[in-house]
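These notes concern the structure reproduced below.
The values are calculated or read from the model by the stated rules, or taken from the named source; none is laboratory data. Just so it is clear, the structure is predicted and the values come from calculations on it, not from any experiment. Heads up, the Cβs are rebuilt from the backbone with ideal geometry, glycines too, and the neighbour counts pull from every protein chain shown. Accessible surface areas use protein heavy atoms only, side chains included; no ligands, DNA or RNA. Shrake-Rupley method; radii C 1.70, N 1.55, O 1.52, S 1.80 Å.
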Amino acid sequence: MAVESSQLPPTLADDHSRRLMVKRLKSMVRSVLIHTGLIPAAFVFLLPFLWMLSTSLKPDVQFYSYPPVLIPSPLQWSNFPDAVTYITFFLYMRNTLTIAVLATVGVLISSSLVAYSLARIPWPGRNVLFILTLATLMLPFQVTMIPLFIVFKNFGWVNSWLPLIVPHWFGGALYIFLLRQFFMTIPMELSEAARIDGASEFKIYFSILLPLSKPALATVAIFEFIARWRDYIGPLIYLSDQELYTLSLGIYEYQSQYGAEWGLLMAASVMITLPIILLFFFLQKTFVQGIALTGIKG
(Lines give C-alpha, C1' and ligand atoms only; values in the text may rest on other atoms or scores of the structure.)
Protein backbone atom coordinates (compact mmCIF):
# COMPACT_ATOMS: atom_id res chain seq x y z
CA MET A 1 0.00 0.00 0.00
CA ALA A 2 1.32 3.42 -0.89
CA VAL A 3 2.35 5.65 2.02
CA GLU A 4 0.54 8.97 2.15
CA SER A 5 2.75 12.06 2.20
CA SER A 6 1.09 13.18 5.45
CA GLN A 7 2.40 10.01 7.14
CA LEU A 8 6.00 10.55 6.04
CA PRO A 9 8.69 12.09 8.25
CA PRO A 10 9.07 15.86 7.74
CA THR A 11 12.23 15.55 5.60
CA LEU A 12 10.76 12.87 3.35
CA ALA A 13 7.48 14.77 3.08
CA ASP A 14 9.37 17.88 1.93
CA ASP A 15 11.27 15.86 -0.68
CA HIS A 16 8.04 14.30 -1.91
CA SER A 17 6.36 17.70 -2.23
CA ARG A 18 9.41 19.10 -3.98
CA ARG A 19 9.41 16.25 -6.52
CA LEU A 20 5.72 16.76 -7.23
CA MET A 21 6.30 20.48 -7.74
CA VAL A 22 9.21 19.84 -10.11
CA LYS A 23 7.10 17.32 -12.03
CA ARG A 24 4.23 19.76 -12.38
CA LEU A 25 6.62 22.53 -13.44
CA LYS A 26 8.19 20.31 -16.12
CA SER A 27 4.73 19.35 -17.38
CA MET A 28 3.70 23.02 -17.54
CA VAL A 29 6.89 24.04 -19.38
CA ARG A 30 6.42 21.18 -21.86
CA SER A 31 2.82 22.21 -22.48
CA VAL A 32 3.80 25.84 -23.01
CA LEU A 33 6.56 24.87 -25.48
CA ILE A 34 4.24 22.59 -27.42
CA HIS A 35 1.52 25.22 -27.68
CA THR A 36 4.08 27.87 -28.60
CA GLY A 37 4.93 25.80 -31.67
CA LEU A 38 1.39 24.68 -32.49
CA ILE A 39 -0.34 28.07 -32.36
CA PRO A 40 1.76 29.63 -35.19
CA ALA A 41 1.38 26.42 -37.20
CA ALA A 42 -2.39 26.54 -36.71
CA PHE A 43 -2.44 30.14 -37.88
CA VAL A 44 -0.54 29.18 -41.06
CA PHE A 45 -3.12 26.47 -41.82
CA LEU A 46 -5.99 28.86 -41.06
CA LEU A 47 -4.59 31.63 -43.27
CA PRO A 48 -6.26 30.46 -46.54
CA PHE A 49 -9.65 30.23 -44.82
CA LEU A 50 -9.18 33.63 -43.16
CA TRP A 51 -8.25 35.18 -46.52
CA MET A 52 -11.32 33.58 -48.12
CA LEU A 53 -13.50 34.94 -45.31
CA SER A 54 -11.92 38.39 -45.65
CA THR A 55 -12.49 38.42 -49.42
CA SER A 56 -16.12 37.37 -48.98
CA LEU A 57 -16.73 40.57 -46.98
CA LYS A 58 -14.88 43.01 -49.26
CA PRO A 59 -16.45 45.61 -51.53
CA ASP A 60 -15.50 45.28 -55.20
CA VAL A 61 -12.98 48.12 -55.08
CA GLN A 62 -10.85 46.29 -52.48
CA PHE A 63 -10.32 43.02 -54.36
CA TYR A 64 -7.27 44.23 -56.26
CA SER A 65 -6.05 46.98 -53.95
CA TYR A 66 -2.36 47.11 -53.04
CA PRO A 67 -1.26 46.55 -50.37
CA PRO A 68 -3.92 43.86 -49.83
CA VAL A 69 -6.72 44.72 -47.44
CA LEU A 70 -6.90 42.15 -44.65
CA ILE A 71 -9.84 43.66 -42.73
CA PRO A 72 -12.49 44.97 -45.14
CA SER A 73 -14.02 48.34 -44.50
CA PRO A 74 -16.94 48.56 -44.76
CA LEU A 75 -17.98 44.94 -44.34
CA GLN A 76 -19.98 43.81 -47.35
CA TRP A 77 -22.42 41.42 -45.63
CA SER A 78 -24.73 41.55 -48.64
CA ASN A 79 -22.34 39.22 -50.51
CA PHE A 80 -23.79 36.22 -48.65
CA PRO A 81 -27.50 36.66 -49.57
CA ASP A 82 -26.44 37.75 -53.07
CA ALA A 83 -24.35 34.59 -53.45
CA VAL A 84 -27.36 32.44 -52.60
CA THR A 85 -29.61 34.16 -55.14
CA TYR A 86 -26.99 34.55 -57.91
CA ILE A 87 -27.11 30.80 -58.59
CA THR A 88 -29.54 28.04 -57.57
CA PHE A 89 -27.45 27.51 -54.43
CA PHE A 90 -29.98 25.51 -52.42
CA LEU A 91 -30.69 23.18 -55.33
CA TYR A 92 -26.98 22.38 -55.60
CA MET A 93 -26.81 21.96 -51.82
CA ARG A 94 -29.71 19.50 -51.90
CA ASN A 95 -28.02 17.54 -54.68
CA THR A 96 -24.74 17.45 -52.78
CA LEU A 97 -26.41 16.35 -49.55
CA THR A 98 -28.32 13.59 -51.35
CA ILE A 99 -25.18 12.20 -52.94
CA ALA A 100 -23.09 12.53 -49.77
CA VAL A 101 -25.67 10.93 -47.46
CA LEU A 102 -26.50 8.01 -49.76
CA ALA A 103 -22.82 7.30 -50.47
CA THR A 104 -21.97 7.48 -46.76
CA VAL A 105 -24.76 5.06 -45.82
CA GLY A 106 -23.61 2.67 -48.55
CA VAL A 107 -20.01 2.77 -47.38
CA LEU A 108 -20.96 2.14 -43.76
CA ILE A 109 -23.10 -0.89 -44.61
CA SER A 110 -20.85 -2.53 -47.21
CA SER A 111 -17.48 -1.81 -45.61
CA SER A 112 -18.58 -2.97 -42.17
CA LEU A 113 -19.97 -6.24 -43.58
CA VAL A 114 -16.77 -6.99 -45.46
CA ALA A 115 -14.61 -5.99 -42.50
CA TYR A 116 -16.65 -8.25 -40.21
CA SER A 117 -16.13 -11.26 -42.47
CA LEU A 118 -12.40 -10.58 -42.73
CA ALA A 119 -11.92 -10.06 -38.99
CA ARG A 120 -14.40 -12.41 -37.29
CA ILE A 121 -15.18 -15.33 -39.62
CA PRO A 122 -12.32 -17.82 -40.27
CA TRP A 123 -12.78 -18.79 -43.91
CA PRO A 124 -10.04 -19.95 -46.32
CA GLY A 125 -8.28 -17.23 -48.30
CA ARG A 126 -9.53 -14.27 -46.31
CA ASN A 127 -6.00 -12.94 -45.70
CA VAL A 128 -5.19 -13.17 -49.42
CA LEU A 129 -8.38 -11.28 -50.26
CA PHE A 130 -7.57 -8.69 -47.62
CA ILE A 131 -4.13 -8.11 -49.15
CA LEU A 132 -5.68 -7.76 -52.62
CA THR A 133 -8.19 -5.28 -51.20
CA LEU A 134 -5.39 -3.19 -49.72
CA ALA A 135 -3.48 -3.39 -53.01
CA THR A 136 -6.28 -1.45 -54.72
CA LEU A 137 -5.27 1.57 -52.63
CA MET A 138 -2.12 1.79 -54.74
CA LEU A 139 -4.14 2.48 -57.90
CA PRO A 140 -4.66 6.22 -58.37
CA PHE A 141 -8.07 7.39 -59.50
CA GLN A 142 -6.62 8.61 -62.80
CA VAL A 143 -5.80 4.99 -63.78
CA THR A 144 -9.37 3.73 -63.36
CA MET A 145 -11.15 6.92 -64.41
CA ILE A 146 -11.53 6.12 -68.13
CA PRO A 147 -12.41 2.39 -67.73
CA LEU A 148 -15.04 3.29 -65.12
CA PHE A 149 -16.50 5.96 -67.38
CA ILE A 150 -16.82 3.42 -70.23
CA VAL A 151 -18.50 0.92 -67.89
CA PHE A 152 -20.99 3.47 -66.57
CA LYS A 153 -21.66 4.76 -70.09
CA ASN A 154 -22.53 1.23 -71.20
CA PHE A 155 -24.86 0.98 -68.20
CA GLY A 156 -26.54 4.21 -69.27
CA TRP A 157 -25.66 5.89 -65.98
CA VAL A 158 -23.87 8.94 -67.37
CA ASN A 159 -25.60 12.23 -66.51
CA SER A 160 -27.12 10.73 -63.37
CA TRP A 161 -26.12 10.38 -59.73
CA LEU A 162 -25.71 6.60 -59.95
CA PRO A 163 -21.95 6.61 -60.74
CA LEU A 164 -21.44 8.88 -57.73
CA ILE A 165 -23.45 6.70 -55.32
CA VAL A 166 -23.61 3.04 -56.38
CA PRO A 167 -19.83 2.26 -56.29
CA HIS A 168 -19.73 3.25 -52.63
CA TRP A 169 -22.26 0.52 -51.81
CA PHE A 170 -19.56 -2.04 -52.64
CA GLY A 171 -17.10 -1.00 -49.93
CA GLY A 172 -13.92 1.04 -49.83
CA ALA A 173 -10.49 -0.47 -49.25
CA LEU A 174 -9.42 2.15 -46.70
CA TYR A 175 -12.65 1.88 -44.72
CA ILE A 176 -12.54 -1.93 -44.78
CA PHE A 177 -9.03 -1.76 -43.37
CA LEU A 178 -9.99 0.67 -40.59
CA LEU A 179 -13.06 -1.30 -39.56
CA ARG A 180 -11.28 -4.66 -39.74
CA GLN A 181 -8.55 -3.38 -37.43
CA PHE A 182 -11.18 -2.17 -34.98
CA PHE A 183 -13.20 -5.40 -35.09
CA MET A 184 -10.06 -7.37 -34.27
CA THR A 185 -9.68 -5.46 -30.99
CA ILE A 186 -13.06 -6.76 -29.78
CA PRO A 187 -12.65 -10.05 -27.83
CA MET A 188 -13.75 -13.16 -29.74
CA GLU A 189 -15.32 -14.46 -26.53
CA LEU A 190 -18.27 -12.11 -27.13
CA SER A 191 -19.00 -13.72 -30.50
CA GLU A 192 -18.46 -17.23 -29.20
CA ALA A 193 -20.85 -16.66 -26.29
CA ALA A 194 -23.47 -15.33 -28.70
CA ARG A 195 -23.05 -18.38 -30.97
CA ILE A 196 -23.55 -20.69 -27.99
CA ASP A 197 -26.80 -18.83 -27.29
CA GLY A 198 -27.90 -19.53 -30.85
CA ALA A 199 -27.22 -16.14 -32.45
CA SER A 200 -26.54 -16.06 -36.19
CA GLU A 201 -23.56 -14.28 -37.73
CA PHE A 202 -25.78 -11.41 -38.83
CA LYS A 203 -27.23 -11.13 -35.33
CA ILE A 204 -23.72 -11.00 -33.85
CA TYR A 205 -22.69 -8.40 -36.42
CA PHE A 206 -25.76 -6.20 -35.98
CA SER A 207 -26.44 -6.51 -32.24
CA ILE A 208 -22.94 -6.90 -30.77
CA LEU A 209 -20.21 -5.64 -33.11
CA LEU A 210 -21.87 -2.54 -34.53
CA PRO A 211 -22.92 -1.00 -31.17
CA LEU A 212 -19.34 -1.46 -29.94
CA SER A 213 -17.90 0.09 -33.11
CA LYS A 214 -19.50 3.54 -33.00
CA PRO A 215 -16.15 5.45 -32.88
CA ALA A 216 -14.80 3.59 -35.93
CA LEU A 217 -18.09 3.91 -37.82
CA ALA A 218 -18.22 7.63 -37.02
CA THR A 219 -14.68 8.04 -38.36
CA VAL A 220 -15.60 6.28 -41.61
CA ALA A 221 -18.76 8.37 -41.92
CA ILE A 222 -16.84 11.62 -41.45
CA PHE A 223 -14.18 10.64 -44.00
CA GLU A 224 -16.72 9.59 -46.61
CA PHE A 225 -19.13 12.50 -46.11
CA ILE A 226 -16.34 15.07 -46.43
CA ALA A 227 -14.95 13.31 -49.51
CA ARG A 228 -18.34 13.32 -51.24
CA TRP A 229 -19.19 16.87 -50.11
CA ARG A 230 -16.07 18.34 -51.71
CA ASP A 231 -15.82 15.95 -54.67
CA TYR A 232 -15.26 17.80 -57.91
CA ILE A 233 -13.80 15.33 -60.42
CA GLY A 234 -16.67 12.82 -60.15
CA PRO A 235 -19.51 15.30 -60.79
CA LEU A 236 -17.44 16.99 -63.50
CA ILE A 237 -17.05 13.70 -65.39
CA TYR A 238 -20.55 12.26 -65.05
CA LEU A 239 -22.93 15.24 -64.76
CA SER A 240 -23.89 17.46 -67.67
CA ASP A 241 -27.43 18.46 -66.68
CA GLN A 242 -27.28 21.66 -64.66
CA GLU A 243 -30.22 20.51 -62.51
CA LEU A 244 -28.03 17.67 -61.20
CA TYR A 245 -24.98 19.81 -60.37
CA THR A 246 -23.34 19.70 -56.97
CA LEU A 247 -21.96 22.70 -55.10
CA SER A 248 -18.42 22.05 -56.32
CA LEU A 249 -19.64 22.48 -59.91
CA GLY A 250 -22.18 25.19 -59.18
CA ILE A 251 -19.68 27.70 -57.81
CA TYR A 252 -18.10 27.97 -61.25
CA GLU A 253 -21.22 29.82 -62.38
CA TYR A 254 -19.80 32.84 -60.53
CA GLN A 255 -17.21 33.06 -63.33
CA SER A 256 -18.02 34.32 -66.78
CA GLN A 257 -16.24 35.54 -69.89
CA TYR A 258 -16.31 39.05 -68.41
CA GLY A 259 -14.60 38.06 -65.16
CA ALA A 260 -15.53 36.54 -61.84
CA GLU A 261 -17.75 37.73 -59.02
CA TRP A 262 -15.04 37.22 -56.42
CA GLY A 263 -17.04 38.46 -53.47
CA LEU A 264 -19.97 36.15 -54.24
CA LEU A 265 -17.63 33.28 -55.07
CA MET A 266 -15.79 33.56 -51.77
CA ALA A 267 -19.04 33.98 -49.84
CA ALA A 268 -20.37 30.78 -51.39
CA SER A 269 -17.07 29.02 -50.66
CA VAL A 270 -17.33 30.03 -47.00
CA MET A 271 -20.86 28.63 -46.81
CA ILE A 272 -19.69 25.38 -48.44
CA THR A 273 -16.71 25.00 -46.12
CA LEU A 274 -18.53 25.90 -42.90
CA PRO A 275 -20.56 22.64 -42.59
CA ILE A 276 -17.36 20.56 -42.81
CA ILE A 277 -15.69 22.66 -40.10
CA LEU A 278 -18.72 22.37 -37.82
CA LEU A 279 -18.98 18.63 -38.47
CA PHE A 280 -15.37 18.06 -37.46
CA PHE A 281 -15.63 20.44 -34.52
CA PHE A 282 -18.62 18.67 -32.93
CA LEU A 283 -17.37 15.14 -33.72
CA GLN A 284 -13.68 15.73 -33.04
CA LYS A 285 -13.56 13.55 -29.92
CA THR A 286 -15.25 10.62 -31.65
CA PHE A 287 -13.09 11.10 -34.74
CA VAL A 288 -9.80 11.04 -32.80
CA GLN A 289 -10.95 8.08 -30.72
CA GLY A 290 -11.89 6.13 -33.84
CA ILE A 291 -8.53 6.82 -35.51
CA ALA A 292 -6.62 5.84 -32.34
CA LEU A 293 -8.46 2.55 -31.94
CA THR A 294 -8.33 1.30 -35.54
CA GLY A 295 -4.60 0.55 -35.62
CA ILE A 296 -4.05 -1.28 -32.33
CA LYS A 297 -4.16 -4.89 -33.50
CA GLY A 298 -2.78 -6.36 -36.71
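For the stretch 45-85, which residues satisfy the criterion of being small (Gly, Ala, Ser), surrounded by 11 or more Cβ atoms within 10 Å (Cβ to Cβ) and part of a loop (DSSP other than H, G, I, E, B)?
The answer is Ser78, and nothing else.
Determine the pairs where a residue that is farther than 18 Å from Tyr238 by Cβ and in the same structural domain as Ala221 (by TED's automatic domain parsing), located within the stretch 84-104, has a partner that is in a helix (DSSP H, G or I) and of a type in the set (Phe, Trp, Tyr) with Cβ atoms under 6 Å apart, the partner being 6 or more residues away or on another chain.
Taking only residues 6 or more apart or on different chains, the pairs are Thr104/Phe225.
On the basis of being more than 18 Å from Val220 (Cα to Cα) and touching a helix residue (DSSP H, G or I) at 6+ places or on another chain (Cβ under 6 Å), does Arg94 make the cut?
In short, no.
When both residues are 6+ apart or on different chains and their Cβ atoms are under 9 Å apart, which pairs have a first residue that lies in the stretch 20-48 and is assigned by TED's automatic domain parsing to the domain that holds Val270, and a second that is exposed (fewer than 10 other Cβ atoms within 10 Å of the Cβ) and not in a helix (DSSP H, G or I)?
none
Quick one: in the stretch 177-232, which of the residues that are small (Gly, Ala, Ser) and not in a helix (DSSP H, G or I) is surrounded by the most Cβ atoms within 10 Å (Cβ to Cβ)?
The extreme case among them is Ser213.
Scanning the stretch 208-221 for residues that are of a type outside the set (A, V, I, L, M, F, W, C) and in contact with a helix residue (DSSP H, G or I) (Cβ under 8 Å, 6 or more places away or on another chain), which turns out nearest to Val101 (Cα to Cα)?
That would be Thr219.
Tally up the residues in the stretch 161-176 that are open to solvent by less than 30 Å² (accessible area, probe 1.4 Å) and either outside the structural domain of Leu118 (by TED's automatic domain parsing) or outside any helix (DSSP H, G or I) (or both), please.
Of the residues in the stretch 161-176, 2 are open to solvent by less than 30 Å² (accessible area, probe 1.4 Å) and either outside the structural domain of Leu118 (by TED's automatic domain parsing) or outside any helix (DSSP H, G or I) (or both).
When the stretch 245-298 is examined, which residues are found to be open to solvent by 50 Å² or more (accessible area, probe 1.4 Å), modelled with pLDDT under 75 and part of a helix (DSSP H, G or I)?
Gln284, Lys285, Val288, Gln289, Ile291, Ala292, Leu293
Kindly establish whether Thr144 is open to solvent by 70 Å² or more (accessible area, probe 1.4 Å), in a helix (DSSP H, G or I) and of a type in the set (Ser, Thr, Tyr).
Considered against the rule, which asks whether it is open to solvent by 70 Å² or more (accessible area, probe 1.4 Å), in a helix (DSSP H, G or I) and of a type in the set (Ser, Thr, Tyr), Thr144 comes out as no.
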